[in-house]
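Here, each number is a calculation from the coordinates, and none is a lab measurement. Keep in mind that what you see is a predicted model, and the values were worked out from it rather than measured. Cβ sites come from the backbone with ideal geometry, for glycine too, and all protein chains shown count toward neighbours.
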């Protein structure tokens, strides 16, 4: 299923679990246009790019050259289209009517308007990246194999992040120290894990960098936290990518134009071209302390994963269990910000997952689910079992000559399967081929 992997870069980043309050989409777009007057990125102009906004009750489509049929013109606003359905599923970018389009959920009601506008700019920059720099991406399959349980690598990453912090707020001499820490760490990691980290920094780190430029925020607001939990690889890369961009602003002012002309280098490789020789170094005491804390945090994370797994399996309510002995299910999409590898081959999808084969399809939105691997990879060698637990209401089950449909709020399962019941547990077993 390797052909699916790069597609999943645009998988859901934030799924809806409850109806948010209505927002003024037109005021939000006006704030985006105001932010676009700043020097955000060479060639990137948010005012010219399509965006679909969920205003809490419907979907508004702006600046789109060929709206899908479900959108109708909004008479009082020429050039704006509306669908009465809320079709935006995430803050991301997707193909809509054959055109890469930013999609934005309603932000938190108490978020200031400039903050909301900067988020839209972030998602619009993803559209720019997809169109102009498709190599700025990570293979989300590699996230599951990242060596986050290696305490020595966790400690090394935290020392690197501390050096980045000092480079931004103390002295740029710490830049070279941070790069030296990274080089030594990367030398001990699988190539795929290195590529994942660098790709996410280019993808999400640069989008966060542009978002912060839209806010005109200070460097103090962008510091990477050295103490992300060990498996927060993706979230960490948002901040380290942003920090690397801010250091490039200081040490190589023309770096954005350089990267536009040649988008092959990673941010750390680009920064290495101009980082000054270092006279700054971390102490032996700092290294010992970092390793001790990393060992404790990795052990604590393992314990937390075991507790999370036990808690999921013990949830009260209705339960659905899908077994596929005939053929594994394959991932179509998932939310990379809300997955956890709880045990070897066992993945918790906290908000969204979509799986299918030629005899079954499963789509779950807003309901935690466990998937159990069929092969070596926790997800991308196929899934042999899916469990959904803690459902408050009994899902609707219909059967028609071996074809089974299970539906509920945020749940759609269709399969050629045998259905059995045991109390409030509904089990499906894929029929043999």
remark   = Projected onto their principal axes, the Cα atoms of the chain stretch, largest extent first, over whole-Å spans of 73, 60, 37
remark   = Taking only the alpha-carbon atoms of the stretch 315-430, the convex hull volume per residue, in cubic angstrom, is 93
request  = Quick one, can you get me the convex hull of the C-alpha atoms of the stretch 364-433 expressed as volume per residue in Å³?
outcome  = 104
key: Helical mean residue ellipticity (222 nm; -39500 (n - 2.57) per DSSP H run of 4+; nearest 500) of the chain   = -11000 deg cm²/dmol
key: Rough spin-label spacing in nm, given labels placed 7 Å along Cα→Cβ, for residue 235 and residue 392   = 2.6
note = Listing 288, 234, 401 by rising number of other beta-carbon atoms within 10 angstrom, fewest first, gives 401, 288, 234
ask   = If all Cα-Cα distances of the stretch 140-284 are sorted into 10 Å bins from 0 onward, what percent lands in each bin, rounded to whole numbers?
value = 12, 46, 36, 7, 0
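Using the number of other C-beta atoms within 10 angstrom as an exposure proxy, rank 189, 49 with the fewest first.
In order of increasing Cβ crowding within 10 Å: 189, 49.
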ask   = So how compact is the stretch 99-197: Cα radius of gyration and Dmax in angstrom?
value = 17.7, 45
task = Between the alpha-carbon centers of the stretch 305-328 and the stretch 111-156, tell me the distance in whole angstrom.
result = 29
key: Ranking of 414, 213, 188 by count of other Cβ atoms within 10 Å, fewest first   = 188, 414, 213
query = Once you put a point 7 Å from the Cα of residue 249 and another 7 Å from the Cα of residue 401, both along the Cβ direction, what distance in nm separates them?
reply = 6.5
note = By the Kirkwood definition, with r running over pairs of different Cα atoms, the stretch 228-302 has a hydrodynamic radius in Å of 14.9
